[in-house]
1. Taking R0 as 41 Å, what's the FRET efficiency between S128 and S5 from their Cβ-Cβ distance, rounded to 0.05?
2. By how many nm would the segment from L55 to D194 lengthen if fully extended, with 0.36 nm per residue of separation less the alpha-carbon distance?
3. Return the inverse of the average 1/r over all pairs of distinct C-alpha atoms in region 152-281, which is the Kirkwood hydrodynamic radius, in Å to one decimal.
4. Within region 166-203, find all residues whose amide N lies under 14 Å from a label point positioned 7 Å from the Cα of F98 along Cα-to-beta-carbon.
5. Pick out which of V124, V32, V255 has the largest mean-square fluctuation in a Gaussian network model of the chain, springs linking Cα atoms closer than 10 Å.
6. Please give the net charge around K70, taking every other residue with its beta carbon less than 14 angstrom from that of K70, where Lys and Arg add +1 and Asp and Glu add -1.
7. Only counting other Cβ atoms within 10 Å, I'd like D247, D66, D194 sorted with the fewest neighbours first.
8. Only counting other Cβ atoms within 10 Å, I'd like L117, L242 sorted with the fewest neighbours first.
Amino acid sequence: MIERSPIFNIVTYATMILGLLLVLTPFWIVIVAGSLSLQEVSQVPLKLWPSNHLLENLEVAWTRADLGPKMINSLIVAVGVTVGKITLAALSAFSIVFFNYRARMLCFWLIFITLMLPLEVRIVPTYSIAANALQPFQVILDTLGITWLVETVSGVRVGLEWNLLNSYTGLILPLVATATGTFLYRQFFMTIPDELVEASKMDGSGPLRFFFEVLLPLSRTNMLALATIMFVSSWNQYLWPLLITTDRANFGTVVMQLKALIPAQNGTPDWNVTMAGALIIMLPPLLVVALMQRWFVRGLISRDK
């Protein structure tokens, strides 16, 4: 137990205030710049108090970058990836913890090792698979000679192809695997008392019924904490949508569209419009974090399961 003292309290509050200033200063500058006129935003030094052009700049940014459809695309991708990550993480952790098979710990460590392989490292093979998601199965058929056999017998060559480029499936599916989510769910499932598992078996609950009626309600806080993290991460995803989409008009995301608001090299330096667009883009994840903050903290630090 740390003994409280006036000096310790002063140092603690000073540190907290300093950290708060470091976090909020960039947001404040974006808000201020987004509310200035072109003449005001070009002044040196930049004003540190908002002006009255915020609504005007927001309207210009929304229209110029066509943010409406892009916001919908980003929402579809973020929700799809979040739901996919939670579902896959919960099922994989359920399998590792509650099913006794020889390779379960090997599977867990193989999943856990992927934490060292972020998307940027595996971007080339992931893109190759997205270009034809059935390519591995085609390679297996070719290696086993099944393709040649079918072609010899029927004259029809088996060619498996599933192109995920320029599609919501391609934007979502390669991102749904999460070692972080599997680890969090595994740690929580390991705290479930054996007596609860035995009681469920005595009541006649099968594995799926136990999973849906017992485990999922108990892991609600963990689920919401993970959903908050994954939604923000998916909303801010830039590299994968940029790589997989060439039809930006129909499948472009809002983070990619921010580039349309950056002033051209020899164009008008209207950074006020750019900052206003950044405010629009960051609003959904900020709202999610603000609304889910209580569940997020409870899901990460709760010990009373």
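The numbers here are math on the coordinates, done by the rules we state, and not lab data. These figures come from a predicted structure and were not determined experimentally. As a convention, Cβ positions derive from the backbone with ideal geometry for all residues, glycine included, and neighbour counts pool all protein chains shown.
1. That gives a FRET efficiency of 0.10.
2. Value of the extension gain: 44.3 nm.
3. 19.5
4. 185-203
5. The residue with the greatest mean-square fluctuation here is V124.
6. Residues close to K70 contribute a combined charge of +1.
7. D194, D247, D66
8. L117, L242
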